[in-house]
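The values are calculated or read from the model by the stated rules, or taken from the named source; none is laboratory data. In this text, all values refer to a predicted model and were calculated from it rather than measured experimentally. Cβ: placed from backbone, ideal geometry, glycine included. Neighbour counts: every protein chain shown. When the accessible area is computed, the model is the full protein with side chains, heavy atoms only, and any ligands, DNA or RNA have been set aside. Shrake-Rupley method; radii C 1.70, N 1.55, O 1.52, S 1.80 Å.
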Amino acid sequence: MSVKTPQTMGQQFERRSWAEPWKIKMVEPIQIIDRAQRQQALQKAGYNTFLLRSEDVYIDLLTDSGTSAMSDRQWAGIMTGDEAYAGSRNYYHLEETIQSFYGYRYVIPTHQGRGAEHLISQAIIQPGMFVPGNMYFTTTRLHQELAGGTFVDVIVDEAHDPQNQNPFKGDIDLDKLSALIDRVGADKIAYVSLAGTVNMAGGQPVSMANARALRELCDKHDIRVYLDATRMVENCLFIQEREEGYSDKPIAEILLEFCSYTDGAWMSAKKDNLVNIGGWLALNHEDVFQLARNMVVVYEGLHTYGGMAGRDMEALAIGIKESVQDEHVRSRVGQVRYLGNLLTEWGIPIVEPVGGHAIFLDAKRFYPHIPQDEFPSQTLAAELYLDAGVRGMERGVVSAGRDPETNEHRYPALELTRLTIPRRVYTQAHMDVVAESVKAVHDKREATKGLKMTFEPTYLRFFQANFERL
Ligand SMILES: *Cc1c(COP(=O)(O)O)cnc(C)c1O
């Protein structure tokens, strides 16, 4: 009699299910308040999910920034923090970890990603220079502008189309970049600002071929390339899955190759690197390194802690090693896709292909009857919270702000509501609850009315604006 083993079973059907490469050791209880209480909380928050108290939220998909769960090893690392002001052993552990996994020569720790953006922008950009990049990110562009630079978007056109199925919608359009170099001259380009994956485009990846070709073009003109490595391991999974020649290569190897086409990187360790706070800048050229290392003591802290405690640097070093494991990245992006698949099966409009860190609901197609100046994405975020206590965020006309010249709303092509998945925090059952809630809100979309803005702050209005139901 034959016994069914996993091997013989494997011959009868193809196994397709996957699970997280960890089990749960400690839990944080969450509560769900009832609909009447949610209605009250939402009104108090002026229909703005940024103004809700976290305790009134059931499933929190506001952001994946600093919301990851740390492993038992990272927590154990916290206890080995060396809190010396100078020369902490945890700094040296962090330095050698970044050197070996990202391949750069010099490392400067910072309190979070924008600290590193500040240093590199001030070290390299001179007033009047241009910084081309694959779509802007809020804090990145702001630091480039504060240093006197002008950001120029050179991403491929497909990135602006939520239904375009191009597998690498994060790629740089090299013709656009060449045209800029011809127009302003190579010495007016501070550097190329390359991000993998592209957050504002929906977490879309950059191909290895594009990075390699970019390097060649920049070498011809003696222009440096710096990488926003915030979600680079997710980018590497897409390369492994979609680009020829990479299906057998581990994420860690793909990461090293990709970084080798760049001259340095800044990092929000609150994302890929699995810690709640932290960041770093890594560089290959000594000239920039010396400048940035001198500036870090002014703005962040001594160059062997840069705004982090020793224990934070230890958790970060361990987090980096965990973050490049194939099983981890596969289950992280797999969970995002699981949610995306449920929603597309149910005919709910989302940005496709699904990116690495979030689902972006397409509010223009969700609420075609709500005009953009009645805030469809803001309305959708509010309705989702009301239905089941799920918190997302607006990425549309409210986030885009007003045109400084005309003072009119800017009307972006993409009017989206973002559901961002924290790493190692929620289960597949939580994703089912989220999907069912989106469906319930979708089912009564025709009866839903838009919002009116009743309070508008001057800067980054999406954080603090108030609304009322029309
Ligand atoms: C979050 C983020 C940053 C900024 O990092 P912080 O840690 O929030 O300061 C920079 N780039 C991208 C792509 C990000 O997502």
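Miscellaneous remarks
- Members of segment 161-207 that are crowded, with 18+ Cβ neighbours inside 10 Å, under 20 Å from A147 (Cα atoms) and among the small types (G, A, S): A190, S193, A195
- Residue match in segment 221-244 (condition: of a type in the set (A, V, I, L, M, F, W, C) and over 19 Å from the mean Cα position of the chain (by Cα)): yes
- Going through (1) away from the ligand (no atom under 16 Å from the Cβ); (2) open to solvent by 10 Å² or more (accessible area, probe 1.4 Å); (3) β-branched (V, I, T) one by one, V329 falls short only on (2).
- Screening E244 on (1) surrounded by fewer than 17 Cβ atoms within 10 Å (Cβ to Cβ); (2) in contact (Cβ under 8 Å) with a residue 12 or more places away in the chain shows it passes everything except condition (2).
- Residues of segment 95-124 that turn out to be more than 22 Å from the chain's Cα centre (by Cα) and either open to solvent by less than 10 Å² (accessible area, probe 1.4 Å) or within 16 Å of the ligand (Cβ to nearest atom) (or both), as a count: 1
- Segment 339-373, residues that are open to solvent by less than 60 Å² (accessible area, probe 1.4 Å), out of contact with any Phe, Trp or Tyr (no Cβ under 7 Å at 6 or more places or on another chain) and not in a loop (DSSP other than H, G, I, E, B): L339, G340, L342, L343, T344, A358, I359, F360, L361, D362, A363, F366
- Looking across segment 443-465, the residues that are farther than 20 Å from I370 by Cβ and touching a Pro at 6+ places or on another chain (Cβ under 8 Å) come down to F463, Q464.
- Condition met for D287 (surrounded by fewer than 18 Cβ atoms within 10 Å (Cβ to Cβ), under 30 Å from I223 (Cα atoms) and not hydroxyl-bearing (S, T, Y)): yes
- Considering residues of segment 403-431 that are among the charged types (D, E, K, R) and free of Cβ contacts under 8 Å to residues at least 24 places away in the same chain only, the residue least open to solvent (accessible area, probe 1.4 Å): D403
- Within segment 126-138, tally of residues that are within 16 Å of the ligand (Cβ to nearest atom) and either small (G, A, S) or open to solvent by 30 Å² or more (accessible area, probe 1.4 Å) (or both): 4
- Of the numbered criteria (1) touching a Pro at 6+ places or on another chain (Cβ under 9 Å); (2) under 21 Å from A388 (Cβ atoms), the one H430 fails is (1).
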